Amino acid sequence: MEKEFLKEISIVIPAYNEAENLPFLCDEIKAVLKKITDSYEIIIVNDGSSDMTQESIAKLFNNDREHLVGINFRTNFGKAAAFRAGFTQAQGEIIFTMDADLQDDPKEIPHFLAKIEDGYDLVSGWKKNRQDSFVKNSSSKFFNFITSRFSRVKLHDFNCGFKAYRSEVAKGLDLYGQLHRYIPVMVRNQGYKIGEIPVHHRKRKFGKSKYSSIRFVNGFLDLLTVMMLTKYFKRPAHFFGGIGSAALGLGFIISLYITFLRLFTGSIQSRLPLFIAGILLIMVGVQLISLGLIGEMFANNYKKEEEYLKIRKIIKN
Ligand code: UDP
Ligand code: MG
């Protein structure tokens, strides 16, 4: 299944109101890539900006039609959608993503490439000395700690915008909503090898940050979605059925005990709360098991489409 790539490197840059940053960023990227290869493309995805980003991209394109690709969204669809559009368009064997705000330093590109050479499928940046506000830095640390614990993916910085992928990994990602924050979890659950390198992080010069710390609250619901879709996707009956059976079993034992009390002592004494708990547990248990079975019907519909994701290589004559 060897594929021909039209470029060696693609750099995908989501940009939402980043007009002033783009020319500097492109210059910096070109200065670094000049020493590596001429076979590259810079894909800037304008995520429905209301400033001069569109004009800025048009100008860059006119100066270097060989290396520049611009994608303009009709309105603001978010970073995940921007990645997706960029990945679809990308022709490179290695696909990078970078923030447009000059916070990521293009000088790190060779370090990412070296790590990919070492056999990693995805290399994620780690903003070790993050140059953002205190609140943002600490909430991000907390978010990363929880995500790492939950998902068992050993990374320090899940949501770093600076990443390098082998093409097939980026193209196989099914991103929507805010799920870009969990890319490493999704990629790991597909069986790919993930690495991390510390990257130089700089202060934002022009424009404003688009994300506040509030985002982390919804973030945990996204983590549940990702775990559900990637880990339990193929066996929802086990996930819901497991919890459901435990609840049902406990409820059954409690009800048995209450029945025993009533039969042999004539009353359930002061066990009314326990009685209610037993009944509730049985009901919840049955509901969860049914939910798992319904989920299993969905999974059954999807399973065929997933097959190609599992195979790294087929060796045959
Ligand atoms: N971004 C985007 N669409 C959005 C929000 C942000 O394309 O709806 C881009 C933004 O232009 C930048 C990157 O995502 O290139 C990271 O955004 P930002 O720097 O605001 O986030 P922070 O670094 O503050 O977490
Ligand atoms: Mg930023």
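Defining a contact as two alpha carbons under 8 Å apart and six or more residues distant in sequence, what relative contact order in percent does the chain show? List each step's numbers first, then the result.
Working: 507 pairs, mean separation 54.8, N = 317.
Across the chain, relative contact order equals 17 percent.
Would you mind calculating the relative contact order of region 11-128 from Cα pairs under 8 angstrom and at least 6 residues apart, reporting the percent as a whole number?
On the way: 165 pairs, mean separation 41.2, N = 118.
For region 11-128, the relative contact order is 35 percent.
Express the accessible area of region 49-174 per residue in Å², computed with a 1.4 Å probe while the remaining protein chains stay in the model. Don't skip to the answer; put the middle values down first.
Numbers: 6130 Å² over 126 residues.
Here the residues of region 49-174 average 49 Å² of exposed surface.
Take each uninterrupted DSSP H stretch in the chain, measure its Cα extent along the helix axis, and return the ones at 24 Å or beyond whose mean Kyte-Doolittle hydropathy is at least -0.5.
Numbers: long enough: 134-151 (25 Å, -0.07); 236-265 (42 Å, 1.36); 272-302 (45 Å, 1.65).
Within the chain the helices that satisfy the rule are 134-151, 236-265, 272-302.
Quick one: if the Förster radius is 30 Å, what FRET efficiency do I243 and I268 give, using the C-beta to C-beta distance and rounding to 0.05? Don't skip to the end; give the middle numbers.
Numbers: r = 27 Å, r/R0 = 0.91.
With a Förster radius of 30 Å, E is 0.65.
Quote the charge dipole size of the chain about the Cα centre in Debye, to the nearest 20; the model charges only the Cβ of Lys and Arg (+1) and of Asp and Glu (-1).
Details: 44 positive and 33 negative charges, 244 e Å.
Charge dipole of the chain: 1180 debye, to the nearest 20.
Could you tell me which of F142, A246, A164 has its Cα farthest along the dipole of the chain towards the positive end, charges placed at Cβ (Lys, Arg +1; Asp, Glu -1), taken about the Cα centre?
Positive-most Cα among the choices belongs to A246.
Figure the gain on full extension for D27 and I146 (residue separation times 0.36 nm, minus the Cα-Cα span) and round it to one decimal in nm. Show your work: numbers first, answer last.
Details: separation 119, 0.36 × 119 = 42.84 nm, distance 3.73 nm.
Separation in residues times 0.36 nm, less the Cα-Cα distance, equals 39.1 nm.
Treating the beta-carbon of each Lys and Arg as +1 and of each Asp and Glu as -1, no other charges, what is the dipole magnitude of region 128-171 about its Cα centre, to the nearest 20 debye? Don't skip to the end; give the middle numbers.
Numbers: 10 positive and 3 negative charges, 27 e Å.
That gives a dipole near 140 debye.
Of the heavy-atom accessible surface of region 134-201 (probe 1.4 angstrom), what whole percent is carbon and sulfur? Before the final figure, lay out the partial values.
Values: 1760 of 2930 Å².
That share works out to 60 percent.
Mind checking which aspartates and glutamates have their Cα closer than 12 Å to the Cα of K154? Skip sequence neighbours fewer than 8 apart in that chain.
Those aspartates and glutamates meeting the cut-off are E196.
Under the definition of Cα pairs under 8 Å and six or more residues apart, what whole-number percent is the relative contact order of region 104-169?
Numbers: 51 pairs, mean separation 31.8, N = 66.
After rounding, I find 48 percent.
If you take every residue apart from T53 with its C-beta less than 14 Å away from the C-beta of T53, what net charge results, scoring Lys and Arg +1 and Asp and Glu -1?
Values: positive: K59, R74, K208, K210; negative: E18, E20, D47, D51, E55, D99, D101.
Cβ neighbours under 14 Å give a net charge of -3.
Which of the pairs K30/K163; K107/K205; K30/K136; K34/K141 have their Cα atoms more than 29 Å apart in this structure? Walk me through the numbers on the way to the answer.
Values: K30/K163 17 Å; K107/K205 18 Å; K30/K136 31 Å; K34/K141 35 Å.
Over 29 Å apart, Cα to Cα: K30/K136; K34/K141.
Ignoring ligands, DNA and RNA, what percent of the accessible area of region 24-94 is carbon or sulfur (1.4 Å)?
Details: 1760 of 3650 Å².
For region 24-94, the apolar C and S fraction of the accessible surface comes to 48 percent.
For the charge dipole of the chain, defined by +1 on Lys and Arg C-beta atoms and -1 on Asp and Glu C-beta atoms about the Cα centroid, which residue among L291, H67, I42 has the Cα displaced farthest towards the positive pole?
Ranked along the dipole, the leading option is L291.
Which value in nm describes the separation of the simple spin-label points at S39 and I253, placed 7 Å from the Cα toward the beta carbon?
A separation of 6.4 nm, rounded to one decimal place.
Multiply the residue separation of D64 and A277 by 0.36 nm, subtract the distance between their alpha-carbon atoms, and state the gained length in nm to one decimal. Intermediate results must be reported in sequence, preceding the final value.
Numbers: separation 213, 0.36 × 213 = 76.68 nm, distance 6.96 nm.
The span from D64 to A277 would gain 69.7 nm if fully extended.
The values are calculated or read from the model by the stated rules, or taken from the named source; none is laboratory data. Treat the numbers as computed from the prediction; the structure is a model and nothing was measured. Virtual Cβ from ideal backbone geometry, glycine too; neighbours counted across all protein chains shown. For accessibility, only protein heavy atoms count, side chains too; no ligands or nucleic acids. Shrake-Rupley method; radii C 1.70, N 1.55, O 1.52, S 1.80 Å.
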